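Below is one structure, written out as structure tokens, with a few remarks after it.
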Amino acid sequence: MRLRKYLNWGLLVILILFLSVIVFQNEVKRTVQSELNGELTMKEAIIQGLSAAKKWNKKASLVSVTSVDEKKGGSRGDTGRRYSWTLTFMVPKTDEHLLVGLSNGVITETRQLKGPKNIETFDIKEIVYDSPAIVEAAKHNYLLQPGEDWATGYHFTYGIVDSVPIITVFGIDNNKLFAKISFNALNGFETEALHKVPHGGGLVQLTKDENDPRYFFKNADIKGISSGNERLVMFGDREPREFNSLVDPFLLVSKDDGKSWASIKFNDVVLKSWFNEKDELFIATSNEIWADVAGHRDISLSLSDKIENIDTSGNNIAVLSNGYIHLTNDGNVWSKISVSKELRSIEVSSSGQLFVFTTENEIFQYKESRWMKVSKPRGLERFSAAIEDNNLLFISKETNLWILNLELNKWNEVPVPIDDEVINFFETGNQIFLISTRGGVYKLIEGGDGVGEWKAEKIFEIQNEIIRDLAFNQKGLYIATSPEYIWEVFKGGY
């Protein structure tokens, strides 16, 4: 009887050992297979990166880890593994830092950097929990889903917070809001759960007859608005997400100054919509310009590459795509102009004058079939925004305007008494408006104590929203805004 008991216990122990070996072998197999495929967990990436860091300096310690977005497929973080990682190491109490890049399980980059000295580091041997366990906990406790747009799949970061090593997994919640769940890497306890919630956004109308603004489409992302002779057109998204502009997109036209709106169906991303001087509707998508004349829609321009930038004024349209500017003054006949510089914006006037502004803050005008560099005065090495109107080129730098008279080829620096820096211009309804960093909307008015002087009249201020576009007509001013996205406590997906 006792022998049978021992045999039973022995068989049970053997069975447990056998199952443990199988589990261990499967985990090893998955790890080896993962490494062969080039996907690594966070700890595997740290170990591999540390080998390079120790060759750089034996005292190297880990500072931070971040998974990197890629298009290689694989699990995209669903198993806690990613193809690409970026790691930062440092020599403690010095400014010597080392960046290590990993891709497909191979170190692809090492770069020495100078950085702050007072950063906490941590011994990776004390890190217990790895990214596979962390992502499973986030999926189970919060129904965290993989990102679909920016930062696709699940992503991971590592850093020290209040002397504690923290692993954070990023994804989206059930409402497709960007979300992150953080865990203590020593004990696996959750430390923080947040998601980014949109606040504000919509359409504001300031009428001439009423003092109080009217709000339409609250909590929407209005990306653009334009006024014609008798109509308004706007586009955006009813369910705004920080990294997705196509959750519930719309394109709407109003014939009664915003009291009612009719929907226009479109199957592509809308970049811009506007009316020309004939009150004909134009719509720019990812690589096409459409003209909607008397309800009949035709393609005005079709490109093989994506539209990078677009500007319109009157009947003139300028489109930047893959090193070329496509230009028209009627929407029918287009010319093609080569651009050799990297541009940040383009500007076309109602008279057809074309300007470009480079990423190096240079200004060029297309004149006599060639690009001519516009000389800038001293003090205008860098600027925030630019616009051309009525043979005047307006450039903003902090709280001042620089204005170039194109006929006289003469610059004037004009102080504008506003409360903070000008970050954008809008030209609409034969008026120029300034936007400040604090959300102030100013009308630019010529006049003052002397000839060529200007002043800015503040007409409205919007807080905690981003002004995307303006439209002005005889009925008043329309302000299109996008929401700001704020981290808030995420209570989970249940």
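Annotations for the structure displayed:
- Restricting region 306-322 to residues that are open to solvent by less than 30 Å² (accessible area, probe 1.4 Å) and of a type outside the set (Val, Ile, Thr), the residue that is farthest from Leu354 (Cα to Cα) is Ser321.
- Among the residues of region 268-283, none qualifies, meaning not one is open to solvent by 50 Å² or more (accessible area, probe 1.4 Å), part of a loop (DSSP other than H, G, I, E, B), in contact with a strand residue (DSSP E or B) (Cβ under 6 Å, 6 or more places away or on another chain) and within 26 Å of Gly429 (Cα to Cα).
- Evaluating Ile310 against the criteria (1) under 23 Å from the mean Cα position of the chain (by Cα); (2) within 25 Å of Glu407 (Cα to Cα) leaves one unmet condition, (2).
- Residue count, region 81-96 (criterion: more than 11 Å from Ala45 (Cβ to Cβ) and crowded, with 19+ Cβ neighbours inside 10 Å): 3
- In the set Val197, Val233, only one residue is part of a strand (DSSP E or B), open to solvent by less than 40 Å² (accessible area, probe 1.4 Å) and closer than 28 Å to Lys278 by Cα; that residue is Val233.
- Test: residue in region 357-368 that is on the phi > 0 side of the Ramachandran plot and open to solvent by 20 Å² or more (accessible area, probe 1.4 Å): yes
- Within region 284-298, the set of residues being among the hydrophobic types (A, V, I, L, M, F, W, C) and open to solvent by 40 Å² or more (accessible area, probe 1.4 Å) comprises Trp290, Val293, Ala294.
- Within the set Gly429, Gly450, the sole residue that is at pLDDT below 90, under 26 Å from Asp279 (Cα atoms), open to solvent by 20 Å² or more (accessible area, probe 1.4 Å) and out of contact with any Cys (no Cβ under 6 Å at 6 or more places or on another chain) turns out to be Gly429.
- Some residue of region 401-418 being β-branched (Val, Ile, Thr), part of a strand (DSSP E or B) and open to solvent by 30 Å² or more (accessible area, probe 1.4 Å): no
A quick yes/no check of all residues on (1) touching a strand residue (DSSP E or B) at 6+ places or on another chain (Cβ under 8 Å); (2) in contact (Cβ under 8 Å) with a residue 40 or more places away in the chain; (3) open to solvent by 30 Å² or more (accessible area, probe 1.4 Å); (4) assigned to a loop (DSSP other than H, G, I, E, B):
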residue	(1), (2), (3), (4)
Glu381	no, no, yes, yes
Ser396	yes, no, no, no
Ile445	yes, no, yes, no
Glu457	yes, no, yes, no
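- Among the conditions (1) within 26 Å of Phe183 (Cα to Cα); (2) surrounded by 15 or more Cβ atoms within 10 Å (Cβ to Cβ), the only one that Asn57 does not satisfy is (1).
- Residue in region 133-141 that is closer than 17 Å to Thr152 by Cα, free of Cβ contacts under 8 Å to residues at least 12 places away in the same chain and surrounded by 15 or more Cβ atoms within 10 Å (Cβ to Cβ) present: yes
- Selection count, region 103-131, where residues are farther than 28 Å from Ala179 by Cβ, assigned to a loop (DSSP other than H, G, I, E, B) and open to solvent by 80 Å² or more (accessible area, probe 1.4 Å): 2
- Top-ranked residue in region 324-343 [being of a type outside the set (A, V, I, L, M) and in contact with an Asp or Glu (Cβ under 9 Å, 6 or more places away or on another chain); ranked as nearest to Ala291 (Cα to Cα)]: Gly331
- Condition check for Val100: within 30 Å of the chain's Cα centre (by Cα), modelled with pLDDT of 90 or more and surrounded by 12 or more Cβ atoms within 10 Å (Cβ to Cβ): yes
- The residue that is farthest from Ala456 (Cα to Cα), among those in region 355-379 that are assigned to a strand (DSSP E or B) and of a type in the set (D, E, K, R), is Arg370.
- Among the numbered conditions (1) closer than 30 Å to Ala193 by Cα; (2) of a type outside the set (Asp, Glu); (3) at pLDDT below 90, the only one that Thr481 does not meet is (3).
- Search result, residues across region 456-488 that are of a type in the set (Gly, Ala, Ser) and under 24 Å from Gly258 (Cα atoms): Ala471, Gly476, Ala480, Ser482
- Matching residues in region 70-99 - criterion: being touching a residue at least 40 places away in the same chain (Cβ under 8 Å) and closer than 22 Å to Tyr129 by Cα: Ser75, Arg76, Gly77, Asp78, Thr79, Gly80, Arg81, Arg82, Tyr83, Trp85, Leu87, Phe89
- Filter result (within 20 Å of Trp274 (Cα to Cα) and open to solvent by less than 20 Å² (accessible area, probe 1.4 Å)) within region 236-257: Gly236, Asp237, Phe250, Leu251, Leu252, Val253, Ser254
- Residue in region 132-140 that is modelled with pLDDT under 90 and not in a strand (DSSP E or B) present: no
The values are calculated or read from the model by the stated rules, or taken from the named source; none is laboratory data. None of the values given here were measured: they were computed from a predicted structure. Reconstructed Cβ throughout: ideal geometry from the backbone, glycine too, with neighbour counts over all protein chains shown. Please note that ligands, DNA and RNA were not included when accessible areas were found on the heavy atoms of the full protein model with its side chains. Shrake-Rupley method; radii C 1.70, N 1.55, O 1.52, S 1.80 Å.
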